[in-house]
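**Q** The following block contains the structure, expressed as structure tokens.
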Amino acid sequence: MEAPLTITLSDEEYRRLLMLAYLGEWMVNAIRKEPDSAYDDLASKVYSFSKGTSAETLFAFDGGKEEWVPSEKFESEAHTLIDEYDDNTFWEELTARLTERDLIARNGERVVRSMRPDQRIRASKSIAQAYTKEFEEQGLARLFITEED
């Protein structure tokens with residue numbers, strides 16, 4: 001049997017650990033039809049230690065679910081971070097995928113797939129910069145799908 005783990009954290013560090021537990025569990029389970037209960041249970045366990053700390057008001061025991069759950073205030077703070085991450089990731093991923101598409105259209109898939117990473121980065125740079133500039137200035141305003149006849 002493993003010995004229990006004991007760690008010492010300041011209030012600020014514990015608050016960050018609570019946020020990490022929430023964000024980690026959310027990332028794993030937000031897209032699943034059936035959440036992974038191991039992550040849910042571990043997050044609940046981490047939340048349960050808030051009783052008697054300065055973070056006590058951020059969590060409560062839900063008797064119906066038999067688990068510790070975050071308050072609306074805590075979830076709101078977490079979702080501010082999630083929204084910021086999602087927004088940044090959206091633009092980066094859109095730029096990367098459109099850049100890849102255009103690089104293949106210009107050079108052919110076989111040529112692009114055979115490029116060394118440094119060659120691919122150099123070949124993609126101007127395309128990615130053009131998309132970055134466009135999205136910074138116009139957002140999605142000029143992004144349309146046109147039907148071909």
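**Q** Counting other Cβ atoms within 10 Å of each Cβ, which trypsin sites (Lys or Arg not before Pro) in segment 105-149 have at most 14 and sit in a DSSP loop?
**A** The qualifying sites are R142.
**Q** Under the Karplus relation 6.51 cos²θ - 1.76 cosθ + 1.60, θ = phi - 60°, what is the ordered set of whole-Hz ³J(HN,Hα) values for segment 24-40, x standing for Gly and Pro?
**A** For segment 24-40, the Karplus-derived couplings read x, 4, 4, 4, 5, 9, 4, 9, 8, 5, 10, x, 7, 5, 4, 6, 4 Hz, x marking Gly and Pro.
**Q** Would you rank I127, I104, I31 by solvent-accessible area, highest first, keeping every protein chain in place and using a 1.4 Å probe?
**A** So the residues, ranked largest to smallest area, are I31, I104, I127.
**Q** Can you compute the helix-only [θ] at 222 nm over the chain? Use -39500 (n - 2.57) per DSSP H run of at least 4 residues, normalise by all residues, nearest 500 deg cm²/dmol.
**A** Value at 222 nm, helices only, nearest 500: -22000 deg cm²/dmol.
**Q** Just checking my list (1) 22.3, 79; (2) 17.6, 56; (3) 22.7, 69 against Rg and Dmax of the Cα atoms in Å computed from this structure; which label fits?
**A** Read-out taken from this structure: (3).
**Q** Now for a separate question. What is the sum of charges, Lys and Arg at +1 and Asp and Glu at -1, for the other residues whose Cβ falls under 13 Å from the Cβ of Y39?
**A** After counting each charged neighbour, the total is -4.
**Q** Oh, and also: Please return the longest stretch of the chain lacking exposed loop sites, where GluC sites (Glu not before Pro) count only if DSSP places them in a loop and at most 14 other Cβ atoms lie within 10 Å.
**A** After excluding every exposed loop site, the longest remaining stretch is 67-146.
**Q** So, one more: Within segment 2-84, which trypsin sites (Lys or Arg not before Pro) sit in a loop by DSSP and count at most 14 neighbouring Cβ atoms inside 10 Å?
**A** Answer by residue number: R32, K33, K51, K65.
**Q** Something else now. Give the calculated FRET efficiency between L9 and A96 to the nearest 0.05, with a Förster radius of 35 Å applied to their Cβ-Cβ distance.
**A** Details: r = 37 Å, r/R0 = 1.06.
Working from the Cβ atoms, E equals 0.40.
**Q** List the relative contact order of the chain as a percent without decimals, with contacts defined as Cα pairs under 8 Å and 6+ residues apart.
**A** Computed value for the chain: 14 percent relative contact order.
**Q** What is the spin-label model distance, in nm, from R16 to E67 if the labels are put 7 Å beyond Cα along the C-beta direction?
**A** Inter-label distance under the simple model: 2.6 nm.
**Q** Continuing with the same structure: Could you give the length gained on full extension between T132 and D41, defined as 0.36 nm per residue of separation minus the Cα-Cα distance, in nm? Display every interim value, and only then the final one.
**A** Values: separation 91, 0.36 × 91 = 32.76 nm, distance 4.08 nm.
Between T132 and D41, full extension yields an extra 28.7 nm.
**Q** What's the magnitude of the charge dipole for the chain around its Cα centre, counting Lys and Arg as +1 and Asp and Glu as -1 at the beta-carbon? Answer in Debye, nearest 20.
**A** Values: 19 positive and 32 negative charges, 182 e Å.
Dipole magnitude for the chain comes out near 880 debye.
**Q** Could you calculate the FRET efficiency of M1 with T57 from 1/(1 + (r/R0)^6), where r is the beta carbon distance between them and R0 is 35 Å, rounded to 0.05? Show your work: numbers first, answer last.
**A** Working: r = 35 Å, r/R0 = 0.99.
The value I calculate is 0.50.
The values are calculated or read from the model by the stated rules, or taken from the named source; none is laboratory data. The structure displayed is predicted, hence computed values, not measured ones. Positions of Cβ are generated from backbone atoms using ideal geometry, with glycine treated the same way; all protein chains shown enter the neighbour counts. These area figures cover heavy atoms from the full protein model, side chains too; ligands, DNA and RNA do not enter into them. Shrake-Rupley method; radii C 1.70, N 1.55, O 1.52, S 1.80 Å.
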